[in-house]
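Take a look at the structure below.
The values are calculated or read from the model by the stated rules, or taken from the named source; none is laboratory data. Owing to the predicted nature of the structure, the values given are computational and were not obtained by experimental measurement. Quick reminder, even Gly has a Cβ in these numbers, built from the backbone with ideal geometry, and neighbours come from all protein chains shown. Remember, those area values only see protein heavy atoms, side chains included, never the ligands or the DNA or RNA. Shrake-Rupley method; radii C 1.70, N 1.55, O 1.52, S 1.80 Å.
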Amino acid sequence: MTDIKPKRRNEERRVALATAVGTTIEWYDFFIYANSAALVFAHLYFSPLSGTVATLVAFASAGVSFVFRPLGAIWGGYLGDRFGRRAVLVLTLSLMGAATFAIGLLPTYATIGIAAPILLVFLRILQGLSAGGEWGGAALLAVEHAPLGKRGRFGVYPQLGAPAGMVLAIGTIALLSANMSQEAFMSWGWRLPFLFSVLLIIIGILIRRGVEESPVFEELKQKKQQNATPLRVLFKSHRRAVLLGALIFMGNGVGGYLLVGGYITSYATSAVGMNRNLVLAAVVIASVTWLIFTWISGPLSDRIGRKKTYYLGFTAQIIVAFPLFALINTGSIPLLIVAVILLSLGQGMTYGPQSALFCEMFPAHVRYAGASIAYGLGALIGGAFSPTIATLLQSLTGTTTLISVYLIAVSIVSIIAVSRLKERSREPLEPSSIENELRELAHRTHNPGQTSSH
């Protein structure tokens, strides 16, 4: 027998690094666009339009990527269930990086006319395809390496990518905006965060290529149990799980993209009249809070269960729905910070356990496709156009009341969807794993200083 503990721990660290760093870079690219839509693109790429209409169209261009995320989830899920998790993660990261770098070089409407917004939307679609295939692979790679009882802790690493990417994206924009004139920023400074992403992408690809394939997929491969038609099997036998997963993520998506999708930034600066740099700083603080509670809620869900953790998060989101805008409408930066921090608490609680929960909802042979498509559909019906919907509700009514009602309604729907799931946080990920776990436990009992090589 060989003691494999050091090797296993080293691989666990590599997986954690690869999933966290990779998703951080992916979401940095994604959020750079979302926030530039509010601050830049309405003026530079949709200039024939004006005022609220230009802002609506700019937000819609950001939201259109969500329409293509389920398609990205389909091709990423198919490839991931057929050929492995790791290869797809390298592919999606490369695609996202290429699209983001190209946006940084794209001429404006004033230079090439109508071709500019068309190309911008096309590149955003490529980002959506990439993001749709990315998350499921990162989640599976992390969770399928996890021991029994620690899937929430392992699964939190890819979840950290969204808030960390947001902090990096907003921090970069805020730093540039604070250190150059408005004219310089609008002329060329906004391009730098997009161009800078190429360095991050190279780092992410190198890290991901050094990670071993998921042990669950390797077992399927050795037993020749990879599914040749994972999508057909998924939609024939697991439609209910896909629908519930989408409805669960919907509640998180609406709140999240009001915060990080540019709406609150736009509303606080345009409607309330706050300083742009201070508003961006407040969103960075909120993103850090989101990251902290994401980090906390993953391991917490191992202790109290996934469902209870989700109930806590969505309840917090419901409670804050009306105070959120009441605090922002004061025009006070400290109260704005309080408002976005309160929103981010529920966001973190319903985001940290997501990788573990979605992986537990599907069997291994359709897990990549199932988790990815549920996530992509949830993002589409939840986060995709929430900034656009919020802007429209505000412009039609002159208040934010219906936006708060909207946030409460989707949170309630997500709570109901969570209630329909079976709690599996303390069960083996695969039924066959029960035998393996018992064998491992028996070996440790008879050989305290060693672990089985199986």
Criterion: open to solvent by less than 10 Å² (accessible area, probe 1.4 Å), in a helix (DSSP H, G or I) and modelled with pLDDT of 85 or more - qualifying residue of 132, 165: 165
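Answer yes or no as to whether residue 52 is in a helix (DSSP H, G or I), open to solvent by 10 Å² or more (accessible area, probe 1.4 Å) and at pLDDT 85 or above.
Details: in a helix (DSSP H, G or I): yes; open to solvent by 10 Å² or more (accessible area, probe 1.4 Å): yes; at pLDDT 85 or above: no.
Against the criterion (in a helix (DSSP H, G or I), open to solvent by 10 Å² or more (accessible area, probe 1.4 Å) and at pLDDT 85 or above), residue 52 does not qualify.
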Residue check, residue 389 under 19 Å from residue 316 (Cβ atoms) and either modelled with pLDDT of 90 or more or in a helix (DSSP H, G or I) (or both): no
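Quick one: would you say residue 124 is surrounded by fewer than 23 Cβ atoms within 10 Å (Cβ to Cβ) and of a type in the set (D, E, K, R)? Walk me through it before giving the result.
Values: surrounded by fewer than 23 Cβ atoms within 10 Å (Cβ to Cβ): no; of a type in the set (D, E, K, R): yes.
When the stated conditions are applied, residue 124 does not pass them.
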Per-region count, segment 392-428, residues in contact with a Gly (Cβ under 8 Å, 6 or more places away or on another chain) and farther than 20 Å from residue 317 by Cα: 3
Residue in segment 366-374 that is open to solvent by 10 Å² or more (accessible area, probe 1.4 Å), assigned to a helix (DSSP H, G or I) and touching a helix residue (DSSP H, G or I) at 6+ places or on another chain (Cβ under 6 Å) present: no
Boolean, residue 356 is hydrophobic (A, V, I, L, M, F, W, C), open to solvent by less than 40 Å² (accessible area, probe 1.4 Å), within 26 Å of residue 72 (Cβ to Cβ) and in contact with a Leu (Cβ under 8 Å, 6 or more places away or on another chain): no
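Considering segment 321-337 alone, what residues qualify as being on the phi < 0 side of the Ramachandran plot and open to solvent by 10 Å² or more (accessible area, probe 1.4 Å)? First the steps, then the outcome.
Start the filter on segment 321-337 by keeping residues that are on the phi < 0 side of the Ramachandran plot, which leaves 321-330, 332-337.
322, 323, 326, 327, 329, 330, 332, 333, 334, 335, 337, listed by residue number.
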Flag if residue 217 is open to solvent by less than 40 Å² (accessible area, probe 1.4 Å) and at pLDDT 85 or above: no
Residue ID - modelled with the lowest pLDDT, chosen from residues in segment 137-153 that are open to solvent by 10 Å² or more (accessible area, probe 1.4 Å) and in contact with an Asp or Glu (Cβ under 8 Å, 6 or more places away or on another chain): 145
Residues (open to solvent by 20 Å² or more (accessible area, probe 1.4 Å) and over 28 Å from residue 397 (Cβ atoms)) located in segment 21-49: 21, 24, 44
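Give me a count of the residues in segment 142-201 that are aromatic (Phe, Trp, Tyr) and under 12 Å from residue 356 (Cβ atoms).
Residues of segment 142-201 that are aromatic (Phe, Trp, Tyr), as a first pass: 154, 157, 185, 188, 190, 194, 196.
Next, only the ones that are under 12 Å from residue 356 (Cβ atoms) stay: 154, 157.
Residues meeting the conditions: 2.
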Members of segment 269-311 that are part of a loop (DSSP other than H, G, I, E, B) and either among the small types (Gly, Ala, Ser) or open to solvent by 60 Å² or more (accessible area, probe 1.4 Å) (or both): 273, 275, 305
The one condition in (1) part of a helix (DSSP H, G or I); (2) over 26 Å from residue 93 (Cβ atoms); (3) at pLDDT 80 or above; (4) among the hydrophobic types (A, V, I, L, M, F, W, C) that residue 46 fails to fulfil: (1)
Every pair of residues 6+ apart whose Cβ atoms lie under 7 Å, when the first sits in segment 396-409 and is open to solvent by 70 Å² or more (accessible area, probe 1.4 Å) while the second is part of a helix (DSSP H, G or I): 402/393
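Could you list, in sequence order, the residues of segment 71-104 that are within 16 Å of residue 368 (Cα to Cα) and buried (at least 24 other Cβ atoms within 10 Å of the Cβ)?
72, 73, 76, 77, 80, 81, 85, 88, 89, 92
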